[in-house]
Each structure stands twice: as structure tokens, then as C-alpha cells.
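A short write-up of the structure that comes next.
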């Protein structure tokens, strides 16, 4: 069976953001066009970030797929770990603030920034 590798940005049990991967089965459709099961969504939003954009540490407010449509995006985590996503790549952003916690930029969340000479264009699809 064909699978799709989903890159997931999530909040671990210690409250810190981490990356992991999960496989999504593509068992529907036909041999020429494998499909996953239909997943619910709560709307979509486009974003354009100019050359030089960089955010502060923050948590995702709602789980969402992030698709890089143009440019490059770097996601940085606590401790200096980062990952670069290029046009055509994705990640599932679900690093929510733990229930009952107050945001602490030294523990929680991630930062993002645009890389290279091209503005960053992203598509957010809420889960």
C-alpha cells in the first residue's frame, strides 16, 4: 500500500516543540491516483511573508497543515534545532500551548522565518 509521510510539529510531554513523522495510508482511489481517506478541514488561509521576515517564539493556535507554495521557510525549536521547508513541502503544525500553561518563550513554541531571495508564500489549512 502507498503511504504519505506527514511531518508533524507537536508539543511533547515536557511542553517543548518537537518534530516527528507519521505515515498516512493512501489506500483509496486507483493505482494511477492513490488517495488518502478524506480528512476534515476548517478553512484555509494564504500568507505572504516578505524577504527578511522572522517571527518570535510562538505556539500554534489551532492544528493546521502548512504547505510551502513559494520560497523557503525555516522553523526553529528550543535548543537550536531547525528544519527548512521548500516550495512543495509541508508540515502539520500542532505545537499547541499545554492546557493550563502560561506561554514561556524559553520553553514553548517555535519561530519561523523566510529564507533566500524570494518572498515566502504559504497555505494554511486548518484541521
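Over the chain, what is the relative contact order in percent, taking alpha-carbon pairs closer than 8 angstrom and at least six residues apart?
Numbers: 311 pairs, mean separation 45.0, N = 127.
Across the chain, relative contact order equals 35 percent.
For the modelled label position 7 Å from the Cα of residue 124 along Cα-to-Cβ, which residues of the range 70-90 have backbone nitrogen atoms closer than 15 Å?
none
How far apart, in nm, are the 7 Å Cα→Cβ label points at residue 69 and residue 86?
Label-label distance for residue 69 and residue 86, simple model: 2.0 nm.
How big is the antiparallel share of DSSP beta bridges in the range 7-127, given as a percent to the nearest 5? Could the numbers behind the result be given before it?
On the way: 37 of 40 bridges.
Around 90 percent of the beta bridges assigned by DSSP in the range 7-127 are antiparallel ones.
Rounded to the nearest 0.05, what FRET efficiency do residue 35 and residue 8 have when you use their Cβ-Cβ distance and R0 = 22 Å?
On the way: r = 20 Å, r/R0 = 0.93.
So the FRET efficiency works out to roughly 0.60.
Using alpha-carbon positions, what is the distance between the centroids of the range 24-53 and the range 62-127, in Å?
With the range 24-53 and the range 62-127 each reduced to a Cα centre, they are spaced 16 Å.
No value in this document is a laboratory result; all are computed from the given coordinates. What you see is a predicted model; the values in this text were computed from it and never measured. Neighbour counts run over all protein chains shown; Cβ positions are idealised from the backbone, glycine included.
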